[in-house]
Amino acid sequence: MPLENIKKIMLVLSGKGGVGKSSVTTQLALTLSLQGHSVGVLDIDLTGPSIPRFFGIEEHKVRQAPGGWIPVPVHDKQNLPASASSHNGSSNGSTSNSATVEKDVGSLSCMSLGFILANRSDAVIWRGPKKTAMVRQFLTDVLWPPLDFLLVDTPPGTSDEHISLLETLLKSTSGPTAPPGQLAGAVVVTTPQAISISDVKKELNFCKKTGIRVLGVVENMAGFVCPNCSECTYVFSKGGGKVMADDFGVPFLGSVPIDPAFVMLIEEGVRPVYPKGTVVGGKVAIEKQSEEGSTTSAEKTSDGLLVDKYRDCSLAPLFDGIVGTLVEDIKSMV
Amino acid sequence: MAPSLEEPTQVDLDAPLKNAPKLVAPEPEHCPGPESTQAGVADSCAGCPNQKICASAPKGPDPDIPLITARLSTVRHKILVLSGKGGVGKSTFSTLLSYAFASNPALTVGLMDTDICGPSIPKMLGVEDETIHVSGEGWEPVWVLDNLGVMSVQFMLPNRDDAVIWRGAKKNGLIKKFLSEVRWGDTDVLVVDTPPGTSDEHLSVNSFLKTSGVDGAVLVCTPQEVALLDVRKEIDFCRKAGIPVLGLVENMSGFVCPGCKHESQIFRASTGGGRKLAEDEGIPFLGAVPLDPRIGQACDYGESFLDAFPESPACAAIKEVVRGVGREMGIKGDILGEE
């Protein structure tokens, strides 16, 4: 079984669509990689695969090898030099950040139905049984390299894909050859507003019914910091995620604000730059003077690895904390 | 066994529906569908434990289709609200559309929620705790206003937060019930809200409504490319399934900071947003609705945003979009009954 190469499997779930499952998966993967782990991302959203777009590898195709599919590599294990921002940014030291130091990053690879489609705008019009078969194939026929973590990004809901995923995973991870505690659990994503919470509660009940451990709740899109006046507006209300996590007795991992710079990073590959004094999540974001001279035009281009550019994102320290908690938690389980 | 890298196969959208037989085992991967005419005789049926059952089931169209058509004969217009992407505001838009139509006292409006695993419509309309009444004539929709009835799986759950862990076939069964059992009665517009994606629910709604006729689909998107990517797939679905597209609505476009009135593009339209997509695909662009936190709040409290903030720019934008939908449906005059 190809899953034997994998130490831990984490699912990213949400009952609601568009709350940022793929976005959170992407950032968890990048952060895990930044912390030196080797990571794989499996996208089982068959009718709306977004992972290829998030990692900027839409043009790639899956290659076939004897015995299975080879996932698409995003980057290899390597040493990232100290980022360019250390020369022109945060000279006062109080905003010292992971972005400024040298880093060993782990390898990152992805698998998604998006890599198999001939045309990116083609609809995948499948009924349940076909989706079930595809999910099963993704779990058994992908030749993952040795991985510390496999993140599984899911479509919204509690239907065919989820049932098949759990059936297959619960069977294969309880086998005698599987590493102990391989199926670590699920990270549940929500947005703060009540509409989203009510759907995500269903997902928590799904986890309870199927016996999947909930590693924690991430509240996404909690507040938007106006880039003009630095005032934080709670576009989609606030605090709902924490209340829900407390209600269900599951850990609350943190609130993630909306960061237009992150959207820019994903959409256009632009290295995040923030106006001075932007405060995100109670911390001062990396201040990068955007005066002429210090910010070269090269920095504005899409050169460089996504993982390298992500270090400059205001959300990176937040996810660093979230992932730290997750990894500690998973370690303590065994 | 090495996996195959074949082109994903597509389902036959024009296959005549017949009643699905009861199966003894889960359908295999390349199952033509127990309701297709190929059932039991296709190549992929060889070795399937269901083969005999499928082959011997009576052929011919689904006997429930005429039932649905008869039930819906008093419903004059049917609109689907679609989007490939989740969380772009399908349900919000469906509610606003229904409220707007219902603000015209001359119209009776029905709203059907086909999102079985994540029903949000009842909460948005503030009728989450209602249940369905069943009479001899069928299921009675829950009436939010005198002229706005709604149907959702949420009304049938014993507990509000229960997960509906259903595979596709079971979801299709319920959608069929929503169409064949519910007393929609003398309704002018039936708005059908859908879950994200292009799968069972969409195929079923399409095939069940084919004979009674659908006016078309309103597609909802947000400006960023990650969302547009999935909406393109939905347009492709509409083309393949032969559903006319009434138009595209761009939701959450631009956010005006309540503090300094500076407008930010939270979901940046790096590829031109909905307007460009509509142009490229040759479908009408119905308008852009700005991101107003009060819309979300109104939904959370189950109130009508249009009634609560009639003066807001978002309200004006929504009304304009609704008028556009009315025009595309071929309804003469102002659908809101205001002009």
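The values are calculated or read from the model by the stated rules, or taken from the named source; none is laboratory data. Because the structure is a prediction, the values reported are computed rather than measured. Ideal geometry is used to build each Cβ from the backbone, glycine not excepted, and the neighbour counts take in all protein chains shown. Side chains included, ligands, DNA and RNA excluded: accessible areas come from the protein's heavy atoms. Shrake-Rupley method; radii C 1.70, N 1.55, O 1.52, S 1.80 Å.
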Legend entry - Cβ-isolated cysteines (cut-off 4.7 Å), chain B: B:Cys31, B:Cys45, B:Cys48, B:Cys54, B:Cys117, B:Cys221, B:Cys238, B:Cys299, B:Cys315
Inset, instruction - Please report, as a whole percent, how much of the solvent-accessible surface of chain A comes from carbon and sulfur atoms (probe radius 1.4 Å). - result: 53
Legend entry - Among A:Phe149, A:Phe319, A:Phe224: highest mean-square fluctuation, GNM of chain A, C-alpha pairs under 10 Å: A:Phe224
Legend entry - Mean Cα-pair separation over length for segment B:65-328, i.e. relative contact order, pairs under 8 Å, 6 or more apart, %: 25
Legend entry - Where only alpha carbons of segment A:135-201 are counted, the Rg and the Dmax (Å): 14.3, 43
Legend entry - Helix-only mean residue ellipticity at 222 nm for chain A, each DSSP H run of n ≥ 4 adding -39500 (n - 2.57), per residue, nearest 500: -10000 deg cm²/dmol
Legend entry - Set of lysines with alpha-carbon distance to B:Lys319 below 21 Å, sequence-local pairs under 8 removed: B:Lys78, B:Lys90, B:Lys332
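Keeping the other protein chains in place, figure out the carbon and sulfur percent of the accessible area of chain B, with a 1.4 Å probe.
52
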Legend entry - Max mean-square fluctuation residue, GNM over chain B, Cα-Cα springs under 10 Å, options B:Phe255, B:Phe237, B:Phe93: B:Phe255
Inset, instruction - Compute the signed sum of charges (Lys and Arg +1, Asp and Glu -1) over the other residues within less than 9 Å, Cβ to Cβ, of B:Val189. - result: 0
Legend entry - Threshold 40 Å² - residues in segment A:25-52 whose accessible area is reduced by that much or more when the chain is no longer isolated, probe 1.4 Å: A:Thr47
Inset, instruction - Let me know the volume per residue of the alpha-carbon convex hull for chain B, in Å³. - result: 163
Legend entry - For chain A, Cys with no neighbouring Cys Cβ under 4.7 Å: A:Cys110, A:Cys207, A:Cys232, A:Cys313
Inset, instruction - Would you mind checking the radius of gyration and Dmax of segment A:1-68 based on alpha-carbon positions, in Å? - result: 13.3, 38
Legend entry - Sorted largest first, extent of segment B:187-339 alpha carbons per principal axis (Å): 52, 37, 28
Legend entry - chain A, relative contact order [Cα under 8 Å, separation at least 6], %: 23
Inset, instruction - Please compute P(r) over all alpha-carbon pairs of chain A, binned at 10 Å starting from zero, and give each bin as a whole-number percent. - result: 5, 26, 35, 24, 8, 1, 0
Legend entry - Lys/Arg +1, Asp/Glu -1 at C-beta; chain B dipole; positive extreme among B:Ala57, B:Ala163, B:Ala298: B:Ala57
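Report, as an integer, the average count of C-beta atoms from other chains found within 10 Å of each Cβ along B:288-297.
3
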Legend entry - Gaussian network model of chain A, springs between alpha carbon atoms under 10 Å - residue of A:Ala29, A:Ala222, A:Ala261 with greatest fluctuation: A:Ala261
Legend entry - chain B: calculated mean residue ellipticity at 222 nm from DSSP helix runs of at least 4, using -39500 (n - 2.57): -9500 deg cm²/dmol
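Rounded, prolate or oblate for the protein assembly as shown? Axes are the square roots of the Cα gyration tensor eigenvalues, ordered a ≥ b ≥ c, and the cut-off for rounded is a/c under 1.5.
Oblate, since a/c reaches 1.5 and b/c is not below a/b.
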Inset, instruction - Express in whole angstrom the spacing between the alpha-carbon centres of segment A:40-60 and segment B:236-263. - result: 23
Inset, instruction - Mind pulling the angle between the C-alpha long axis of helix A:160-173 and the longest principal axis of chain A? Nearest 10 degrees, somewhere in 0 to 90. - result: 80
Legend entry - Environment charge at A:Leu204 (Cβ cut-off 15 Å; Lys +1, Arg +1, Asp -1, Glu -1): +2
Legend entry - DSSP-assigned coil residues among trypsin sites (Lys or Arg not before Pro) in segment B:244-309, each with at most 11 further Cβ atoms within 10 Å: B:Lys261
